[in-house]
Amino acid sequence: VSQSEESIKLQSLLGETDASKQQDNNKGFSSKKMDTVKHHKSRSTGDKESKSRKNPKHFTDVHGLPCIEKIVTSVEDTPEPISTDIIGTIPNWIHGNFLRNGPGKFEIGNHRFNHWFDGMALLHQFKISNGQVTYKSRFLSSDSYQSNKDQNRIVMSEFGTVTMPDPCKNVFQRFLSRFELPKPTDNANVSFVTYKGDFYVSTETNIMHKVDPETLEATQKVDWSKFIAVNGATAHPHTEPDGTAYNMGNSYSTKGAYYNIIRVPPTKEAEEETLEGTTVLCSIPAEDKTKPSYYHSFAMSENYVVFIEQPIKMDLLKIVTGKLTRKSISNCFSWNPKLNTVLHLIHKHTGKVSPIQYLAKPMSTFHQINAYEEHGFLTIDLCASDDGQAIENYNIQNLRKSGEALDEVYNTLCRVFPRRFVLPLRIEPGTPYNQNLIDLPNCTATAVRTGKNKVFCTHEDLHGEDLHMYGGLEFPQINYGKYNMHPYRYFYGCGFRHLVGDTLLKMDLQGKEMKVWEDPGLYPSEPVFVPCPDATEEDDGVILSVVITPIKDKSTFLLVLDAKTFEELGRAVVPVNIPYGFHGTFSSTA
C-alpha cells in the first residue's frame with residue numbers, strides 16, 4: 001500500500017481534520033528518612049533496541065522487591081467528606097484543596113482492565129484549613145464509567161484494553177462490530193488542569209470534563225475538536241502568569257499526521273464559556289506521516305514552546321483497525337532507537353517554527369522539569385531514559401506480581417534520570433561547525449552545529465551518582481508559580497526503587513546535592529510544592545504528597561514536608577484505601 005493510499009484510508013477512518021483551522025545496580029539502598037547526598041560525576045549509557053520482549057534487556061539486578069498489589073486494587077469512592085487523624089502538625093497557613101486524579105476501579109463485573117492507565121478515574125480532594133484535613137473522593141461520571149456500570153462489563157475501549165462484542169447481539173452483529181472505529185474514551189484519569197480559571201480533569205483524548213473542585217462533580221463534558229481541528233490534547237498544559245494556557249494535540253489529514261501547538265485565552269467573556277477563542281498557533285508535520293511520535297507533555301520558556309519528537313511511534317493504521325485485530329492502543333506503540341530525538345522550537349508570539357533542528361540521541365521522556373532562556377541559550381531540563389518501552393511494563397498483571405516475577409518486571413525497566421539540554425538560539429551563517437557552541441560556565445551539555453540547520457546536542461546530568469541508589473527520578477515538580485520559565489535552583493520528584501515511587505527527593509542544582517524522605521514499605525506519589533504566603537526564597541513552603549500504604553489497611557495519608565529542610569511536619573491519616581494515582585494540583589482558597 002502506498003503512503004498516499006494509507007493516508008486516504010486514515011482520513012476516511014479517523015475523519016479528516018486540518019490543523020490550519022542507564023544502567024546501574026540498585027543494591028545497597030539507604031534506609032535513612034532524610035539524607036543529603038553530595039555530587040559525584042555520573043554516567044549515562046545508550047541502549048540498543050530489544051527486538052523481542054520475550055528476551056528483554058535488563059537494566060538492573062534487583063532482588064526481593066515487596067509485592068505492591070494493593071496499590072492497584074479497586075476501591076469505593078467516598079463522596080461525603082470524612083475527618084482524618086492528624087499526626088504532627090499541619091501548618092495553619094495552608095488553606096485550600098489538594099486535588100488528585102488517578103485510576104480507582106480496575107474491573108467491571110467479570111471483566112478486567114489490562115493496563116494501569118485504563119482504570120476508571122477516581123478524583124480525590126484533601127481540604128486543608130486551620131491545621132485540619134478532610135478527605136473525599138468521587139468516581140468521574142464519564143460516559144465510559146456510566147456505560148460500564150450500566151452494563152456491568154467493559155463497554156468502552158481504553159489505552160490497554162479492547163472491548164469485547166456485546167453478548168446481547170447476535171453472531172452477525174458481533175462480527176460487524178469489529179469493523180467499527182474505536183471511540184475515544186472520556187475516562188479522564190490523568191490530571192487536574194485549569195483553563196480560564198476553571199478546573200478540568202484530562203486524559204489524552206479530545207474529551208475533558210469540567211469539575212467543581214468543591215464537590216468533585218463533573219459539570220460539563222468538553223470536546224477539543226468542537227473548537228479546533230485536533231483529535232486530542234495532552235493532560236499537561238502550561239500556563240503563563242496572566243492565565244494564557246498552551247497545550248499540544250495531534251490532527252490527521254490527507255497529508256498525514258500533524259503536531260499542533262494550542263493556545264487558550266486567559267479569561268472568559270461569558271460565564272458559560274469553556275474553550276471558546278482557542279486557536280492553533282502552528283502545525284508541525286510528523287516525519288513519518290502514518291507513525292507520529294507519542295508525547296505525554298512538552299516544555300515552555302518565556303518565548304518558546306519546546307516540542308520533543310521522540311522515537312516512540314504510534315502506528316495509526318494499527319490503531320484504527322484495533323477493534324478488528326483485537327489490538328489495544330498500547331499494542332500500537334513501538335520504540336525505534338535508530339532514530340534521533342528532535343527538539344522543535346516554536347515561537348509563542350509568532351507561531352513560527354525555528355528552521356534549526358536540534359537533535360539528540362534516542363531517548364524517552366514523559367515529563368519536563370523546566371525551561372528558560374538566558375544569555376542567548378534555551379535551557380530545557382527533563383526526566384529521560386535511554387529506552388522507550390516502559391509503557392509495556394505497566395500492565396496491571398505486572399503490578400500485581402510478586403517474587404522473582406516482580407523483580408524481572410522491574411529489572412527490564414530502564415531508569416529515568418533528570419537531564420539538561422542547552423540549545424543555542426542564534427545560529428547564523430557565520431556560526432562555526434563541528435565545535436561546541438555552549439560557553440556557559442560550569443555547563444557540561446554540548447551543542448555542535450553539524451549542518452546548515454542542524455545542531456546535535458548532548459545532555460548534562462542534573463544529579464550525582466547517588467541518585468542511582470534511589471532508582472532515578474520521575475514525577476518532577478518545581479515552584480511553578482514563581483519559577484516556571486525562569487532560572488531556578490530546586491526541583492522535587494519521586495525516587496523509583498520499585499515500579500512506583502518509594503521515596504521523595506529534593507534536588508539542588510547548586511552542587512547537585514539531594515535530600516531524601518522515605519519510610520520503608522510506603523509509596524509516596526507526585527510531590528506538589530505549595531509556597532508560604534510570605535515566601536522570600538524559592539523553597540519557602542511545603543511539599544504535599546499522598547502516601548500509599550499497601551502493607552497496612554486503611555492507613556493512606558497526606559504527607560506534609562518542610563520544603564526547605566525536607567523534614568516531616570505532619571500527616572493526615574485517611575481511614576480508607578486509596579490506589580496509587582498519577583497527578584494533582586493545589587488550589588488555594590485563602
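So here's what we get for this one:
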| quantity | calculated |
| --- | --- |
| Sites Cys67 and Glu302 - FRET efficiency at Förster radius 51 Å, r taken between beta-carbons, to 0.05 | 0.65 |
| Extension reserve of the Asn336-Ser588 stretch, reckoned as 0.36 nm per residue once the Cα distance is removed | 86.4 nm |
| Stretchable slack from Lys482 to Lys452, in nm (0.36 nm times residue separation minus alpha-carbon distance) | 7.1 nm |
| Inter-label distance, nm, simple model (7 Å from Cα along the C-beta direction), Asp534/Glu271 | 3.8 |
| Length released on extending from Asn110 to Lys352, taking residue separation times 0.36 nm less the Cα-Cα span | 82.0 nm |
| Probe 1.4 Å, protein heavy atoms only - accessible area per residue of the chain in square angstrom | 41 |
| Peptide ranges 542-550, 101-109, 60-68 listed from the most packed, as the mean C-beta count within 10 angstrom indicates | 542-550, 101-109, 60-68 |
| Cut-off 13 Å between beta-carbons: net charge of the residues surrounding Glu537, Lys and Arg +1, Asp and Glu -1 | -3 |
| Hz values of 3J(HN,Hα) by residue in segment 433-444 - Karplus curve (6.51, -1.76, 1.60), Gly and Pro given as x | 9, 6, 8, 5, 8, 8, 10, 6, x, 6, 10, 9 |
| The chain - convex hull of the alpha-carbon atoms, volume per residue in Å³ | 156 |
| Residue (of Tyr580, Ser545, Pro527) at the positive-pole extreme of segment 505-590, dipole from beta-carbon charges | Tyr580 |
| Within straight-line cross-link reach of Lys183, aspartates and glutamates at Cα separation under 19 Å, skipping those fewer than 8 residues along the same chain | Glu16, Asp118, Asp143, Asp150, Glu158, Asp166, Glu204, Asp223, Asp315 |
| Given charges at beta-carbon only (K, R positive; D, E negative), |dipole| of the chain in Debye | 1800 |
| Two-site label geometry, Arg489 and Leu440: point separation in nm, points 7 Å out along Cα→Cβ | 1.7 |
| Largest-first principal axis extents of the Cα set of segment 293-341 (Å) | 46, 23, 13 |
| Within straight-line cross-link reach of Lys512, aspartates and glutamates at Cα separation under 14 Å, skipping those fewer than 8 residues along the same chain | Asp35, Asp381, Glu460, Asp461, Glu465, Asp466 |
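The values are calculated or read from the model by the stated rules, or taken from the named source; none is laboratory data. For clarity, every value in this text was computed on a predicted model and none was experimentally measured. Don't worry about glycine lacking a Cβ; one is built from the backbone with ideal geometry, like all the others, and counts go over all protein chains shown. Protein only, heavy atoms only, side chains kept; ligands, DNA and RNA dropped before computing areas. Shrake-Rupley method; radii C 1.70, N 1.55, O 1.52, S 1.80 Å.
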